[in-house]
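The values are calculated or read from the model by the stated rules, or taken from the named source; none is laboratory data. None of these values were measured; they are calculated from a predicted model. Note that each Cβ is placed from the backbone with ideal geometry, even for glycine, and that neighbours are counted across all protein chains shown. SASA here: full protein model, heavy atoms, side chains in, ligands and nucleic acids out. Shrake-Rupley method; radii C 1.70, N 1.55, O 1.52, S 1.80 Å.
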Amino acid sequence: MTIKKSLLTAAVALTGLAATAQGPAEEYEYVFNPHWYGQAQVGIQETLGEASFGDLLAPNAQLAAGYQFSPLFGARFSLNSWQSKASIDFEGTHKWKWNYIAPMVDATFSLTNFIGGYNPERLVDVNVLAGLGVNIGYKNKEANNINAALSEAAGFSPVLRNIWSGTKARFVFRMGAAVDFRVAEAWKVGLELQANVLPDGYNSKKAGNADWYFNGLVGVKYTFGPSFSKRKKEVPAPQVIVEEKIVEKIVEVPAKPVEVVKDVQEPITRDIFFTISKTQISLYEMQKVKEIAEYLKANPKAKVSITGYADKGTGSLKLNLNLAEKRAQAVADVLRKDFGIAADRIKSAGMTAEATPPFTDPVLNRVAVCITED
C-alpha cells in the first residue's frame, strides 16, 4: 500500500512539473502587405456559334500583371490573345478563323478570405473577377474568302452580313472565376474560366444578339516581394480577483490611524510592430501607444525610452538604420502631438549597427520597443 501511494505521489509531482515547464504557447497573427504579382497562362477558347461544342475550339493565351490592395480586393491588367473560330451552314458547313488581342482591366475578389478569414498560407484560394476591355480583331481573310465564294454561288452579297476586314476593335465585357493552388511562398498554379461578351458581328455574321467566347486557362502566378508578415498576438494578463472578508471587531480603545499607502504602478514595456519598410502606426498598434501615454500621465515624473529596429534580413544596413530611427521617431511624435506628452520626457533612437535584435523571428524585429522609466 505504501509503495502504491509513493508511486501515485511521484506521478502527480511529475505531471505538475511537465505542465509548468511547457507554459502557454505563443500565438501569431498574419499581417497583410499590399503587393504586385505577374501571371502567365495558356489554354483553349470556344466561340459560341452554329456548331456542336468542341467544333470551334481554338488556342488561347494570356499575360497579366496585378496588384492586391487588401486581403479581399485586387486589380489586374491582362493581354488575352490568339485565335477565334466561327462557322456557317449555307450550302454545306464552312469554318474560318481569325486572330485578336484583347487588353483588359479586371477587378478581383477573394471568396476564400471573405468566407474563411485572411490566411496567406492556405493551400487553395478561390477568386471571382469582372472586367472591361477592347477586343482588336485582325487577319479575317478566311471569312472574306468564304463570303465571296458563297455570295457568288447564291447570287447575292454579302452572305456573311457583318463581314469585316483589316483591324476591327470592339468593347468586351468579362466575367470569370479562378482557383489558385499555393506550391511555394511566392508561386501558385491555377485554373481560370472566363465568359466574354461582345457586340454582334464579331464572327462576321448578323444574329441580332451579342456574340460570346469562353476561355479556359491554366498557368502560374508569381508574387513580387513579401505578401504578408507575422506578428505575435498580445494575450491579456489573467485578472486575479481577490475576495476580501469584512470582520467586525469590538475595540475598547480607539484604534491608531492607519496609514494609507497608494499603489505604485510598475513601469511598462510595449512593442509597437510595423509592416515591412513602413513607419506608419496601425490602429491596432496605436492602442499600445495610448497605454504608454496613459502611464506617463498617471506618473508625472516617469519618462519613456523608445528604440526603433528593422529586419536586418531585408534591405541594406544604411536603409535599416534610417528606417529604425524613423519608427522610433514616429512613436515619439504621436506621444507629443496626439497625447500631449512633453518632449523632455521622451527619448527616441534607432538601433545601432551592432545592436542585437530583440526577437529571434526576423519579421518581429520591424518594431519600436518602448520602456518607461520612473
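A few notes on this one:
- The set of residues in the stretch 123-142 that are in contact with a strand residue (DSSP E or B) (Cβ under 7 Å, 6 or more places away or on another chain) and of a type outside the set (A, V, I, L, M, F, W, C) comprises ASP125, ASN127, GLY131, GLY133, ASN135, GLY137, TYR138, LYS139, ASN140, GLU142.
- Every residue from the stretch 196-216 that is touching a strand residue (DSSP E or B) at 6+ places or on another chain (Cβ under 8 Å), closer than 9 Å to ASN162 by Cβ and either open to solvent by 70 Å² or more (accessible area, probe 1.4 Å) or free of Cβ contacts under 8 Å to residues at least 60 places away in the same chain (or both): ASP200, GLY201
- The stretch 361-374 - residue that is among the β-branched types (Val, Ile, Thr) and within 16 Å of THR314 (Cβ to Cβ) and, of those, least open to solvent (accessible area, probe 1.4 Å): VAL367
- Residue within the stretch 218-231 that is assigned to a strand (DSSP E or B), open to solvent by less than 60 Å² (accessible area, probe 1.4 Å), more than 23 Å from ILE44 (Cβ to Cβ) and touching a helix residue (DSSP H, G or I) at 6+ places or on another chain (Cβ under 7 Å) present: yes
- Index of the failed condition, LYS139 passing every other in (1) closer than 18 Å to PHE77 by Cα; (2) surrounded by 14 or more Cβ atoms within 10 Å (Cβ to Cβ): (1)
- Test: residue in the stretch 91-103 that is part of a strand (DSSP E or B), under 19 Å from the mean Cα position of the chain (by Cα), of a type in the set (D, E, K, R) and surrounded by 13 or more Cβ atoms within 10 Å (Cβ to Cβ): no
- Where TYR118 falls short, out of the listed (1) more than 19 Å from the chain's Cα centre (by Cα); (2) in contact (Cβ under 8 Å) with a residue 60 or more places away in the chain; (3) surrounded by 12 or more Cβ atoms within 10 Å (Cβ to Cβ): (1)
- Scanning the stretch 47-67 for residues that are open to solvent by less than 40 Å² (accessible area, probe 1.4 Å) and outside any loop (DSSP other than H, G, I, E, B) gives THR47, ALA58, ASN60, ALA61, GLN62, ALA64, GLY66.
- Verdict on SER78 being modelled with pLDDT under 95, among the hydroxyl-bearing types (Ser, Thr, Tyr) and surrounded by 13 or more Cβ atoms within 10 Å (Cβ to Cβ): no
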